[in-house]
Amino acid sequence: MKKEDWLSKEIIGAAIEVHRHLGPGLLESAYEECLCKELEIRKIVFERQKSLALVYKGITLDCGYKLDIVVEGKVILELKSVNTIEPIHEAQLLTYLKLAHLKLGVLLNFNVPILKEGIKRIVNNL
């Protein structure tokens with residue numbers, strides 16, 4: 001998981017940079033746009049709004065799930081702009097990790113005075 005740990009640090013640095021420039025109070029889509037730009041600047045490969053299929057009883061179904069950002073095919077970023085990260089947000093990201101067969105997700109809530117208060121790492125099967 002060394003690569004994921006390195007990516008996590010880079011992602012958090014990029015998110016802090018975005019939050020420092022924008023502050024809290026905007027829509028999630030604004031933070032997503034700016035975070036993607038910041039990842040590009042840092043030459044970090046990512047996919048935005050990646051479709052996530054659901055396999056039910058051996059049948060692949062497209063249920064319309066989209067992952068906000070997937071970094072280098074290893075880390076899922078779930079962006080929020082909410083008053084508080086709730087347990088359901090953590091459960092959502094953990095489920096996405098399981099469905100995508102990935103180990104690490106980072107939940108980023110930009111609607112906080114200091115971004116450090118809005119960061120939560122979620123791990124799958126560690």
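Which distance in nm do the two modelled labels at Y56 and K74 give, with both placed 7 Å along the Cα-to-Cβ direction? According to this spin-label approximation, the distance is 3.4 nm.
Between Q49 and N83, the distance separating the two model label sites (each 7 Å from Cα on the Cα→Cβ line) works out to 2.9 nm.
Our summary gives the chain a relative contact order of 24 percent, counting only alpha carbon pairs under 8 angstrom and 6 or more residues apart.
Remark: the chain carries a charge dipole of roughly 380 debye about the Cα centre, counting +1 on each Lys and Arg Cβ and -1 on each Asp and Glu Cβ.
Helix-only arithmetic for the chain: the sum of -39500 (n - 2.57) across DSSP H runs with n ≥ 4, divided by the residue total, places the mean residue ellipticity at 222 nm at -13000 deg cm²/dmol. Restricting region 1-61 to trypsin sites (Lys or Arg not before Pro) that sit in a DSSP loop and have at most 15 other Cβ atoms within 10 Å of their own Cβ leaves R42, K43, K57. What is the diffusion coefficient of the chain in µm²/s, taking the Kirkwood radius over Cα pairs and the Stokes-Einstein relation at 20 °C with a viscosity of 1.002 mPa s? Here the translational diffusion coefficient equals 145 µm²/s. Taking other Cβ atoms within 10 Å as a rough exposure proxy, T95, T60 sort from fewest to most as T60, T95. Take the cross-link list K43/K98; K9/K98; K66/K120 and give me the ones stretching past 25 Å between alpha-carbons. Pairs exceeding 25 Å: K43/K98. Residues whose amide H lies under 5 Å from that of N111, counting only those 5 or more places away or on a different chain, are V82; hydrogens are built 1.01 Å from N in the peptide plane.
Computed from the C-beta positions of A30 and A91, the FRET efficiency with R₀ = 22 Å rounds to 0.30.
Bear in mind these aren't lab numbers, they're just calculated from the coordinates by the rules spelled out. Not measured: the values here are computed from a predicted model. Here the Cβ is made from the backbone with ideal geometry for all residues, glycine too, and neighbour counts use every protein chain on show.
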